Amino acid sequence: MDTAVGKVVSISLLVIFAVMPVLAPLVGEPYYVDVFARIMLWAMAALGLNLILGFGGMVSFGHAAYVGVGAYTVGILSHHGVSSGFLQWPLAIGLSGIFAAIFGAISLRTRGIYFIMITLAFSQMLYFLAVSLEQYGSNDGLLVPERSDFSIGTLHAGIDDDHAIYYVILCILVLCLYAKSRLIAGRFGMILKGIKSNETRLQALGVSTYRYRLAAFTLSGMICGLSGVLFANFEGFVSPDLMHWTRSGEVLIMVILGGAGMLFGPLFGATVFLLLSEVLARFTDYWNIIFGPILILVVLYAKGGIGGLFRGRNRG
Amino acid sequence: MCRYLLVLWALISILSTPAVASETVRIGFVTTLTTGAAVIGEDMRDAVKLALDVMNGKMGPLKVEVIFENDAFNPQTGKQVTEKLIKRDEVDVVAGYIWSHVLLASAPVVLRSGKVLISVNAGPSKLAGAGCHPNFFNVSWQNDQIPMAMGEVLNRRGVKSLYVIAPNYAAGKDMVAGVERTFRGVVVGKDMTAWPDQIDWSAELTKVRATKPEAVFIFYPGKHGLSFIKQYTQAGLADIPLYSVFTIDALSLPRFQEAGMEEILGTDMTMFWAPDMGNIKNKEFVERFKSKYGRYPSFYAAQSYDAMFLIKSAVEAVEGDLDDVKAFRASLEKADFDSVRGEFKFGPNHFPIQNFYTRTVVRDSEDVWTTSLGEVVLQQHADVHASECKM
Amino acid sequence: MDIVLFIEQVLNGLQLGVLLFLLAAGLTLVFGIMNFINLAHGSIYMIGAFFAAYLTRLTESFALGILLALPAVVFFALVLERLVLRKFYERDHLDQVLATFGLILFFNEGIRLIWGSGGIAIELPTYLDGFIVLGSDLVISTYRLVIVCVGLVVAISLYGLVTYTRLGMLIRAGASNRRMVGLLGVNVDVLFAVVFSIGAMLAGLAGMLIAPIGQAQVGMGEQVLILCFVVIVIGGIGSIRGAFIAAILIGFIDTMGRAYFDVLLLKILTVNAAETAGPALSSMGVYLLMAGILVFRPRGLFPAQGVK
């Protein structure tokens, strides 16, 4: 399990996220509020993937598709003037769930690399579908005219303010982390981890592992959909690039980099991945020539990703 | 614990930079500096740097500082660096943008902040028509115009049947629609190919050969153009005239020449500018560019150079008072500067009204391949979306 | 249907298929035998193209360029294998993905630093830059025919190598049960290095063959990488025969889709709808095929025994 040091680091990371909107303008860097918001958005997508990858051993190479479904649902509804968050959000999350359930039901029949590739295939189909949506901008993407509106009657509530949306994202991220920690500690999580280490044994115990894996897959798709919803609101813009396989790859890299199967892994991964590329790009246009070897070194010397550094000897 | 805080502090200090003095005009310039498309971005950056040299780094009373940012050919990254320019670097003007999708994602950030946005290349119809904005200017052209001119050229040459091949993405569709708008013959075949992954056109070229059109029209910007034209000749289609837009330019011509593809000499395209355009400003620009970088400037470079001098003219007109955005904008609208394309003025939607010409691939006196200006096809042409613009 | 047109399209499909096979053969062997996911396989293809283009430019001969580039790519691959990849054979797939992703970034940027963002274009020598005209109007580009022949010769020799030689026996044994091969006293390190360099040579060769049609350019590896994985997954990992059949299949489907799909679609849809749906559907085609095959054969068409 996570060591004391790991806990301290995780909590302090969350504290940094919480004070960023105040801290950043103080040091004259208000722009970093946006950087950190973006980190949280990708961390949430990575968190969704980590649920099945880290705990269930299912390596999906197509999770950006569900981010895209969530984002496009909000984008398209808003484009047609439907801006109520009470309608947008459940619909977006529901749709990503439905897509994940259908694709998952088919994909889960395969294993290993075949699973990786079939999830990729489905995400590519959604990508090309988005490209062919000419009335919604095709490759050029779609502007989201306004953010979700949560007004009830005369009581106005929205997330138009930049601080408001930042803290909404932060709260949802913390909620997701909390929910995930409970989920993992509970029966569902035990079974999921059991499937990863020895599925046959669980089947022998009479557990219908397929159903649990499918449920986990759907849930993880919904978390990615949620991150897509927030993405559309935060960026005010959706485009097919969001669903391209390279995005799925980046989410995957964030999970591995941060430490697969660790609660805070995705947050570490997204933070390091995005901050490092931000910092390196300052020094040279050719920053990938430094970034690439760093990734290799992380794999070589930090087993279990960055999260692994804070882990005790008794690796779970 | 202390150690981690220390690391954190170090990180913050790396990320922050000292504030800058205010007697400068700060221009953010967003372009593509990584991936294969960086050839374009590098050319644009070179032109901007040349413009700064020529201005001695000053616009009127103010010093100029240009901050280049890389969009990595990705709308999300483009929006992100635009935000950085606005919020962190507090630039006065944002310029650049090669790609429509990057511009469309980034434009709201600039416009919402009340700053001026000058697109150096991308000209999507959305921003030319109903989505136009008082603070948005374009110094290139609207996507439809150059293919519309091409359709006109085809009419003049008496082409009756045309085969169209273009990549299947937004700009590709715009180009095809543009040609179809003015071309009066019959489009006998049309292929929209996967972008950017398709690099082999054997199936399409076989269809062209079977259809036997009088001419072929293509749009393949960047690296794809060379591959396409190579395969076109290799497929034995050299006797069917090939008309292109944005496919052969100063960036790809050296590579065409290296590959010995003599067949492109004499081919025609339509364009608003060529290196041999006769006005003094252009002669000076091309000469300086060639002596500084040892190559011909591309039209991307010409547009970037124009953008810098446009900004300079407006900064001088307001005597360096950039806080008065209205006055600054009004001076930009006048476009009171010498453009490398000669006559230059803005239409009501802040897109240029300009001539479009035929342009032919030729060999210059030093045996370097370049392009040469031909006849005027569209005279002082305004784009078709201008009427939808209500400012 | 116009028969001449059809034959030409068949040849086009075949050409795409054999190129895909050259790329996929190495990937499937490395994956099947070493259980190693090498995302940087596409980088070797790119490096092959750049080596060939650069050396052709230097020697002013395409044939000489290729003859020099082949050993150069093999040498490069061996160095890469020894210095970096070897350290990851025992790691799990996720570590391999992360490390080889890092390699892709490094190679793309390195090549851009050395040869610039524009890439290198080379000329086809005149003896290859012609046509073979059969009958009234069947025109075949000589060079494309050469590609098909090279691809088929390589495929046959590889099949011979794997089926009839001692090395091939070890390769097949390795694909079925790599531990057992090691326990039987075979020097697994050497076997891996040999297999890796064969794969790298084929990928490099594919890059060299494509260079005169297109050009050597940064990022060309990623454009084909995914398609290669599709091929090896449809064919069944570790199976040369499967990779060949899948590559040809995909080559055909892709080409025929581009050749006839829009005509077919026009028969059922309106012009506007067909123009919108056509390209989207034909881009999806390959993925639909893969998903369909995996639904009915979750381990591809010809799975090698024992590969997980």
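The values are calculated or read from the model by the stated rules, or taken from the named source; none is laboratory data. The structure displayed is predicted, hence computed values, not measured ones. Note that each Cβ is placed from the backbone with ideal geometry, even for glycine, and that neighbours are counted across all protein chains shown.
Name every residue in region B:269-303 that is under 17 Å from the mean Cα position of the chain (by Cα) and assigned to a loop (DSSP other than H, G, I, E, B), in order of residue number.
B:272, B:273, B:274, B:275, B:296, B:297, B:298
In region A:280-295, what residues are part of a helix (DSSP H, G or I), surrounded by 15 or more Cβ atoms within 10 Å (Cβ to Cβ) and facing another protein chain (nearest Cβ under 9 Å)?
Going residue by residue through region A:280-295, those that are part of a helix (DSSP H, G or I) are A:280-283, A:288-295.
Of the ones still in play, those that are also surrounded by 15 or more Cβ atoms within 10 Å (Cβ to Cβ) are A:280-281, A:288-295.
Selection gives A:281, A:288, A:289, A:290, A:291, A:292, A:293, A:294, A:295.
Which ones in region B:201-226 are without any contact (Cβ under 8 Å) to a residue 60 or more places away in the chain and closer than 17 Å to residue B:172 by Cα? Steps first, answer last, please.
Keep residues of region B:201-226 that are without any contact (Cβ under 8 Å) to a residue 60 or more places away in the chain, which gives B:201-214, B:216, B:218, B:220-221, B:224-226.
Matches in region B:201-226: B:201, B:204, B:216, B:218, B:220, B:221, B:224, B:225, B:226.
One residue is enough: does region B:46-56 have a residue meeting the conditions more than 16 Å from the chain's Cα centre (by Cα), assigned to a helix (DSSP H, G or I) and at pLDDT below 95? Steps first, please.
So the first thing to find is which residues in region B:46-56 are more than 16 Å from the chain's Cα centre (by Cα), and the list is B:49-56.
Right, trim to assigned to a helix (DSSP H, G or I) and you get B:49-54.
Subset that is at pLDDT below 95: none.
Within region B:46-56 (the criterion being more than 16 Å from the chain's Cα centre (by Cα), assigned to a helix (DSSP H, G or I) and at pLDDT below 95), the answer is no, since none of the residues qualifies.
Looking at the structure I just gave you, is residue A:270 part of a helix (DSSP H, G or I), at pLDDT 95 or above and either crowded, with 17+ Cβ neighbours inside 10 Å or more than 9 Å from every other protein chain (Cβ to nearest Cβ) (or both)?
So residue A:270 passes the test.
Would you be able to tell me the number of residues in region B:212-236 that are within 12 Å of residue B:189 (Cβ to Cβ) and within 13 Å of chain C (Cβ to nearest Cβ)?
So the count comes out to 1.
For region C:110-118, does any single residue satisfy the condition of being touching a residue at least 60 places away in the same chain (Cβ under 8 Å) and in contact with a Gly (Cβ under 7 Å, 6 or more places away or on another chain)?
Checking region C:110-118: at least one residue is touching a residue at least 60 places away in the same chain (Cβ under 8 Å) and in contact with a Gly (Cβ under 7 Å, 6 or more places away or on another chain).
Can you name the residue in region C:113-142 that is more than 7 Å from every other protein chain (Cβ to nearest Cβ) and in a helix (DSSP H, G or I) and, of all such residues, is nearest to the chain's Cα centre (by Cα)?
Once the filter is applied, the top-ranked residue is C:142.
Please pick out the residue among B:209, B:184 that is on the phi < 0 side of the Ramachandran plot, more than 9 Å from chain C (Cβ to nearest Cβ) and basic (Lys, Arg).
Numbers: B:209 fails: more than 9 Å from chain C (Cβ to nearest Cβ).
Criteria check complete, one pass: B:184.
Show the residue pairs meeting these rules: Cβ distance below 9 Å; 6+ apart or different chains; first residue within region A:192-218 and among the hydroxyl-bearing types (Ser, Thr, Tyr); second residue assigned to a loop (DSSP other than H, G, I, E, B).
As it stands, the answer is A:197/A:57; A:210/A:108; A:210/A:109; A:212/A:56, since those pairs meet every condition given.
For every residue, the table says whether it meets (1) over 21 Å from the mean Cα position of the chain (by Cα); (2) within 12 Å of chain A (Cβ to nearest Cβ).
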| position | (1), (2) |
| --- | --- |
| B:71 | no, yes |
| B:79 | no, yes |
| B:88 | yes, yes |
| B:97 | no, no |
| B:114 | yes, no |
| B:132 | no, no |
| B:135 | no, no |
| B:138 | no, no |
| B:156 | yes, no |
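Would you check which residues across region C:234-259 are under 26 Å from residue C:30 (Cα atoms) and hydroxyl-bearing (Ser, Thr, Tyr) and list them?
Across region C:234-259, the qualifying residue is only C:239.
If we only count helices (runs of 4 or more DSSP H) wholly inside region A:61-162, which ones have 1 or more residues that are surrounded by fewer than 21 Cβ atoms within 10 Å (Cβ to Cβ) and among the polar types (S, T, N, Q)?
Ranges flagged: A:112-132.
Do we have residue B:306 as part of a loop (DSSP other than H, G, I, E, B) and of a type in the set (D, E, K, R) here?
Criteria not met by residue B:306.
Is it the case that some residue within region A:197-209 is at pLDDT below 90, surrounded by fewer than 13 Cβ atoms within 10 Å (Cβ to Cβ) and among the acidic types (Asp, Glu)?
No: zero hits.
Would you check which residues across region B:33-57 are surrounded by 18 or more Cβ atoms within 10 Å (Cβ to Cβ) and among the basic types (Lys, Arg) and list them?
Matches in region B:33-57: B:45 only.
Pairs needed: first member in region B:22-39, at pLDDT below 85; second member anywhere, of a type in the set (A, V, I, L, M, F, W, C); C-beta distance under 6 Å; at least 6 residues apart or different chains.
Close Cβ pairs satisfying both conditions: B:35/B:73; B:36/C:218.
Could you list, ordered by first residue, the pairs with Cβ atoms under 8 Å in which the first is in region C:64-81 and free of Cβ contacts under 8 Å to residues at least 40 places away in the same chain and the second is surrounded by fewer than 17 Cβ atoms within 10 Å (Cβ to Cβ), at least 6 apart or interchain?
Every condition considered, the pairs that remain are C:68/C:59.
Only one residue in B:268, B:336, B:306, B:323 is under 21 Å from residue B:43 (Cα atoms) and charged (D, E, K, R), so which one is that?
The unique qualifying residue is B:306.
Please go through region C:251-292 and pick out each residue that is farther than 30 Å from residue A:116 by Cβ, assigned to a helix (DSSP H, G or I) and either within 13 Å of chain A (Cβ to nearest Cβ) or over 29 Å from the mean Cα position of the chain (by Cα) (or both).
C:263, C:264, C:265, C:266, C:267, C:268, C:271, C:272, C:273, C:274, C:275, C:276, listed by residue number.
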